[in-house]
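Worksheet: one structure, shown below.
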Amino acid sequence: EKNTDEVWTERVALGEALEKLGEREKKILFLRYYEGKTQTEISEEVGISQAQVSRLEKGAIEKLRKYMT
């Protein structure tokens, strides 16, 4: 278990990292992880292919990892 200070620090770092992403990347991550939509559902909503959603999602997660280290 993590203590509350550590959790708070991680949340702040994640918020700051999210601010560095582009709008499309933020939207894809929001739809995927907060609304629980599939890549296919997101592709229909955003108007791009499922493969593009997959690439953008992967790239956004890699950026978040980079920004948080």
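The values are calculated or read from the model by the stated rules, or taken from the named source; none is laboratory data. Small disclaimer: the values here were computed from a predicted structure and weren't measured. Neighbour counts are summed over all protein chains in view; Cβ atoms, including those assigned to glycine, are modelled from backbone coordinates with ideal geometry. Note: areas computed on protein heavy atoms with side chains; ligands, DNA, RNA excluded. Shrake-Rupley method; radii C 1.70, N 1.55, O 1.52, S 1.80 Å.
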message: Can you tell me the orientation of helix 4-19 relative to the chain, as the angle in degrees between its alpha-carbon axis and the longest Cα principal axis, to the nearest 10?
response: 40 degrees
statement: In terms of the charge dipole of the chain, which places +1 on Lys and Arg and -1 on Asp and Glu at the beta carbon, the residue among SER54, ILE28, THR9 farthest towards the positive end is SER54
message: Give me the extension gain from VAL12 to LYS63: residue separation times 0.36 nm, minus the current Cα-Cα distance, reported in nm with one decimal.
response: 16.8 nm
statement: In Å, the Kirkwood hydrodynamic radius from C-alpha pairs for the chain sits at 12.8 Å
statement: Taking every other residue with Cβ under 13 Å from the Cβ of ARG24 and scoring Lys and Arg +1, Asp and Glu -1, one gets +1
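How long is the gain from LYS20 to TYR34 if the chain were fully straight, where each residue apart is worth 0.36 nm and the alpha carbon distance is subtracted? Provide the component values of the computation, followed by the final result.
On the way: separation 14, 0.36 × 14 = 5.04 nm, distance 1.84 nm.
Full-extension gain reported as 3.2 nm.
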- prompt: Can you pull the percent of the chain's accessible area that's carbon plus sulfur, 1.4 Å probe, other chains left in place?
  reply: 50 percent
- request: Leaving out ligands and nucleic acids, note down the accessible area per residue over segment 16-69 with a 1.4 angstrom probe, in whole Å².
  value: 69 Å²
